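Chemist: Once you've had a glance at the structure underneath, I'll fire off some questions.
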């Protein structure tokens, strides 16, 4: 099975993460998957922000969960021409046949399981919560929280899930295993032993891309979709330094 490229927070090595422009560029570069992180605002809206605070990625300061959507919309995010935080609903509009969106729910958070409940409700409104089968689902839900993955399985059993993990062993739940690239470097037998397809994050170096390809990793999450695709297609020598 071919290794598929998932744009981690968009083409985030080229443009500011979690901006519409970064995701549009990733699709132009040939990514067949998009990855985002979601958090809840104080007024219950799902927005695409990785950090607990807005300080690193916007012109503001503060904690996402205590800010309203309108307050987040007053800020500039990355290099965007206009103020406004990226809503998950806006990202759903980019989906076309053959493109998957991998949604990571962040934990621990102020609102706990409400994040997954709101996510499933939004997907249901867009007729995305009940795919015909998991393999063809345009949405995959992920988390580092075992409880979050189980909540998604309970609320929307037809949605595929990923149990993300770092360098330690993770509970054997989810339709896909989600190890870090550090884990695969240290334990190349992981993929064979996983017993299910593997989603690996975050894979930017050519040698790591080739490692994933050799091991049979199904999805690689990368900040560099274009460069990663070049390596997978064999158009970049293995010894070429990363860009």
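Chemist: May I ask for the angle, rounded to the nearest 10°, between helix 206-215 and the longest principal axis of the chain, with both axes built from Cα atoms and the value confined to 0 to 90°?
Modeler: 70
Chemist: Another one. Compare 110, 52, 214 in a GNM of the chain, Cα atoms joined below 10 Å, and give the one with the largest fluctuation.
Modeler: Maximum fluctuation in the GNM of the chain, among the listed residues, is at 214.
Chemist: A further question follows. Kindly put 35, 230, 207 in sequence by how many other C-beta atoms sit within 10 Å of each C-beta, fewest to most. Walk me through the numbers before you get to the answer.
Modeler: Details: 35 29, 230 18, 207 15.
The fewest-first ordering by Cβ neighbours comes to 207, 230, 35.
Chemist: Restricting to Cα pairs below 8 Å that are 6+ residues apart, what does the relative contact order work out to for the chain? Please round to a whole percent.
Modeler: Result for the chain is 19 percent.
Chemist: Show that you can apply the helix-only estimate: for the chain, add -39,500 (n - 2.57) for every DSSP H stretch of four or more residues, divide by all residues, and state [θ] at 222 nm to the nearest 500.
Modeler: Details: 9 runs with 71 residues, N = 243.
One gets -8000 deg cm²/dmol as the mean residue ellipticity at 222 nm.
Chemist: Calculate, for residue 135 and residue 76, the FRET efficiency according to 1/(1 + (r/R0)^6) with r their C-beta to C-beta distance and R0 41 Å; round to the nearest 0.05.
Modeler: Details: r = 39 Å, r/R0 = 0.96.
It comes to 0.55.
Chemist: Roughly how tilted is helix 20-29, in degrees to the nearest 10 and between 0 and 90, from the longest Cα axis of the chain?
Modeler: That helix lies at roughly 20 degrees to the long axis.
Chemist: Over segment 21-122, what relative contact order in percent results from Cα pairs under 8 Å that are six or more residues apart?
Modeler: RCO, segment 21-122: 31 percent.
Chemist: Can you give the extra length, in nm with one decimal, that the chain gains between residue 55 and residue 172 once fully stretched, where that is 0.36 nm per residue apart less the Cα-Cα distance? Could you put the intermediate results ahead of the total?
Modeler: Values: separation 117, 0.36 × 117 = 42.12 nm, distance 3.50 nm.
Roughly 38.6 nm would be gained on extension.
Chemist: Quantify how much of the Cα-Cα distance distribution of the chain extends past 33 Å, in percent.
Modeler: The calculated P(r) of the chain puts 14 percent of pairs beyond 33 Å.
Chemist: Please report, in Å, the Rg and the Dmax of segment 106-180, where both are computed over Cα atoms only.
Modeler: 12.1, 36
Chemist: In addition: Comparing 181, 139, 173, which has the greatest mean-square fluctuation in the GNM of the chain with Cα pairs linked when under 10 Å apart?
Modeler: Among 181, 139, 173, the largest GNM mean-square fluctuation belongs to 173.
Chemist: Another question, if that's okay. How many percent of DSSP beta bridges within the chain run antiparallel, rounded to 5?
Modeler: Values: 5 of 32 bridges.
Antiparallel: roughly 15 percent of the beta bridges in the chain.
Chemist: What residue among 58, 145, 70 shows peak mean-square fluctuation when the chain is described by a Gaussian network model with Cα springs under 10 Å?
Modeler: Of the options given, 70 has the highest mean-square fluctuation.
Chemist: Using alpha carbons only, how many degrees (0 to 90, rounded to 10) separate the axis of helix 114-125 from the longest principal axis of the chain?
Modeler: Helix 114-125 and the main axis of the chain meet at about 90 degrees.
Chemist: How far apart, in nanometres, would the label points at residue 69 and residue 93 be if each is projected 7 angstrom from Cα along the Cα-to-Cβ direction?
Modeler: 1.2
Taken together, the values in this text are just the output of simple stated rules run on the coordinates, not laboratory data. In this text, all values refer to a predicted model and were calculated from it rather than measured experimentally. Every residue, glycine as well, gets a Cβ built from its backbone with ideal geometry; the counts of neighbours run over all protein chains shown.
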